[in-house]
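The numbers here are math on the coordinates, done by the rules we state, and not lab data. Computed from a predicted model, the values in this text were never measured in an experiment. Ideal geometry is used to build each Cβ from the backbone, glycine not excepted, and the neighbour counts take in all protein chains shown.
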Amino acid sequence: MIQPPPAQPGMHEDEVDTPALILDLDAFEANLETAIRLLESTGVRLRPHAKTHKSAVIAHLQMKHGAVGQCVQKVAEAEALVWAGVPDVLVSNEVVGAAKLARLAALANVARISVCADSARQVKNLQVAAAAAEVNLGVLVEINAGGNRCGVAPGAEAVDLARQIAASQNLSFEGLQAYHGSAQHLRSPEQRRQAIAAASDSARCTIDLLLEQGLECRTIAGAGTGTFINEVESGIYNELQLGSYIFMDADYARNLDETGAPVSLFQQSLFVLTTVMSAPRTGVAVVDAGHKAAPTDSGLPLVWQRPGVEYIDASDEHGALKIAEGTQPLKEGQKIRLVPAHCDPTVDRYDWYVCVRNSRVECLWPITARGAMT
């Protein structure tokens, strides 16, 4: 059930009902501009990942700032964006099952739709669905670029799959998906460089073999917020799938730059606003944001700009804060911001972005694809 908005435009942030998802508009807009500025002289396209924001409003803002389209992980996410007018969507994932394939093909009647595949059976079923809908689907061969998740082996196996796609009447071979997800969270710059160098080599050898077969790659896709500079520098990738860059989170804040400091290309713009619901003992406060408000799969959230206050434990509906000796105690009813540890699943907990500028609610944006798991 869609929940009513927790705020109204014009409210002060302290009046927002909690837990609530806060988007700091100044930081968010700066992140949009930073990504395009960093890429504008490279010739590399930006196709942001909507699995992070799940918002048609944000998708349109990203394209207004130069993105070529969106990528998603689920057909339901693609539907939410296409129905809201997004014209170009890549499902950067494999789609299996007749019902999902029929839905995917139907979208190609109103938008440019492409998808990934890593098996001959998937290609065959994509052709059946596209033919039944009388549409064309673009298909990228996903190679295992080092993440050991989905992906056919680079080289000859990938070429065989590309040839099958190119020979299919209702499919177009688009190129390669070479995404190394776990590299995004390697902490040192040298670890990230090595991981993406290996991914780039896998893509490069596959591209060379494809060219020998007369198959050109329009798109070499992958990358993410943690490594996109490395993919650009490789000279291989021409389309980047950054997601978290617009928001950031506590896990990305652990990535280090060459000096050993946290990487600071983008600003923290996404927060969970929470209320102190109890202050039962000295040095302790309890807030109304636990597991259900701020997922802990990547660790605990951080307390924003309150030195001496630490989020130390979470249960379903409660978050325990430790207040260091000598720190001003928190009072019942007081509002604080938390930095979520992992922005993607945090967003999927909420129906609304409460968009704030200078501590005032400026607007509310619906999270269009919340819960879109199919």
| task | Determine the distance separating the Cα centre of region 1-41 from the Cα centre of region 143-181; give it in Å without decimals. | result | 37
| remark: Diffing region 213-220: the Karplus 3J(HN,Hα) column from phi (6.51, -1.76, 1.60, θ = phi - 60°), in whole Hz with x for Gly and Pro, holds 9, x, 10, 9, 9, 5, 10, 10
| field | Cα convex hull volume per residue for region 42-247 (Å³) | value | 104
| task | Calculate the length of the line joining the C-alpha centroid of region 57-100 to that of region 236-285, in whole Å. | result | 25
| message | With the crude spin-label approximation of a point 7 Å out along Cα→Cβ, what separation in nm comes out for Glu40 versus Glu310? | response | 4.3
| query | What fraction of the DSSP beta bridges in the chain is antiparallel, stated in percent and rounded to the nearest 5? | reply | 50
| task | Report, ordered by chain and residue number, the lysines lying within cross-link reach of Lys54, taken as a straight Cα distance under 16 Å and ignoring same-chain residues fewer than 8 apart. | result | Lys74
| request: Can you tell me which of 141-149, 183-191 comes out highest on packing, and rank the rest after it, using the mean Cβ neighbours within 10 Å? | output: 141-149, 183-191
| request: Mind giving me the nanometre distance, one decimal, between the label points for Met373 and Gln3, set 7 Å out from Cα along Cα→Cβ? | output: 1.8
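For region 42-247, what's the relative contact order in percent, using C-alpha pairs closer than 8 Å and at least 6 residues apart?
Relative contact order here is 19 percent.
Please state the relative contact order of the chain as a whole percent: Cα pairs under 8 Å, 6+ residues apart?
Reported as a whole number, the value is 22 percent.
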| task | Pick out the long, greasy-scoring helices in the chain: whole DSSP H runs spanning 18 Å or more along their own axis by Cα, mean Kyte-Doolittle at least 0.0. | result | 25-39, 120-133
| note | The simple spin-label model distance between Glu332 and Asp208, using points 7 Å out along Cα→Cβ, in nm, is 7.1
| Hey, which lysines would be in cross-link range of Lys331, C-alpha to C-alpha under 26 Å, not counting anything within fewer than 8 residues on its own chain? | Lys292, Lys322
